[in-house]
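The values are calculated or read from the model by the stated rules, or taken from the named source; none is laboratory data. This one's a predicted model, so the numbers in the text were calculated from it and none came from an experiment. For neighbour counting, all protein chains shown are included, and Cβ atoms are generated from backbone atoms with ideal geometry for every residue, glycine included.
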Amino acid sequence: MFDSALPAAAPAPAEREALAVARGIGRLFARSGIWCLPEMPLRSGRRADLMGIDGKGRIVIVEIKVARADLLGDAKWPDYLEYCDRFYWGLAPHLDRACLETPAFRPDLCGVIVADGYDAEILRPAPSRPLAPARRKAETERLARAALRRLVVAGDPQCAGWGEEA
């Protein structure tokens, strides 16, 4: 059981770097009116590193990578495409991006963002592939419920076990 008196373990270096990339992307997106949640569970059982929504209701997913082996070994990323209008790779600045231009990484479907803990830059915009209206509505509602749940639990941690997981 969670003991709030114990300090949380320090994140591993790769996890710290991934958090920094997420922060930079969050800042970039916020300036554009895109608001994201980290670690958003999808109905498929996958978990998007960042999932957000823009002012027009379009859903964006970002898969963050900070290590070459993790990028090259990721076979699950195509599963995210059916849950978003736009998909981005979010990469640490030092990561070699050449593989993202190969057919295996479908550059025709994926944007590329490079980020650190301070900011981010879109190197390749993600093409828009509009979701079916029913799917967009379902995913928007799931995203809203997850955001509200996280907000309530942050204010009252005893609520954490109540209701449905999102």
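Brief remarks on what is shown
- Taken across region 6-17, residues that are touching a Phe, Trp or Tyr at 6+ places or on another chain (Cβ under 7 Å) and either more than 13 Å from Ala120 (Cα to Cα) or touching a residue at least 12 places away in the same chain (Cβ under 8 Å) (or both) do not occur at all.
- Cβ-Cβ distances below 6 Å connect the following pairs, each with a first residue in region 101-117 that is within 14 Å of Glu63 (Cβ to Cβ), a second residue that is among the basic types (Lys, Arg) and surrounded by 11 or more Cβ atoms within 10 Å (Cβ to Cβ), and a separation of six or more residues or different chains: Gly111/Arg124; Val112/Arg124.
Residue-wise test of (1) in contact with an Asp or Glu (Cβ under 9 Å, 6 or more places away or on another chain); (2) at pLDDT below 95; (3) of a type outside the set (D, E, K, R); (4) at negative phi.
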| residue | (1), (2), (3), (4) |
| --- | --- |
| Ala8 | no, yes, yes, yes |
| Glu17 | yes, yes, no, yes |
| Arg23 | yes, no, no, yes |
| Phe29 | yes, no, yes, yes |
| Trp35 | yes, no, yes, yes |
| Pro41 | yes, yes, yes, yes |
| Arg46 | yes, yes, no, yes |
| Gly52 | no, no, yes, yes |
| Val62 | yes, no, yes, yes |
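- Per the listing Arg86, Arg97, the residue uniquely among the basic types (Lys, Arg), surrounded by 14 or more Cβ atoms within 10 Å (Cβ to Cβ) and either out of contact with any strand residue (DSSP E or B) (no Cβ under 7 Å at 6 or more places or on another chain) or over 22 Å from Ile53 (Cα atoms) (or both) is Arg97.
- Each residue in region 23-49 was checked for being crowded, with 17+ Cβ neighbours inside 10 Å and polar (S, T, N, Q), and 0 pass.
- Being aliphatic (A, V, I, L, M), surrounded by fewer than 18 Cβ atoms within 10 Å (Cβ to Cβ) and within 26 Å of Glu15 (Cα to Cα) holds for only one residue in Ala154, Ala134, Ala115, Ala92, and it is Ala154.
- Counting the residues of region 26-71 that are part of a helix (DSSP H, G or I), in contact (Cβ under 8 Å) with a residue 12 or more places away in the chain and small (Gly, Ala, Ser) gives 1.
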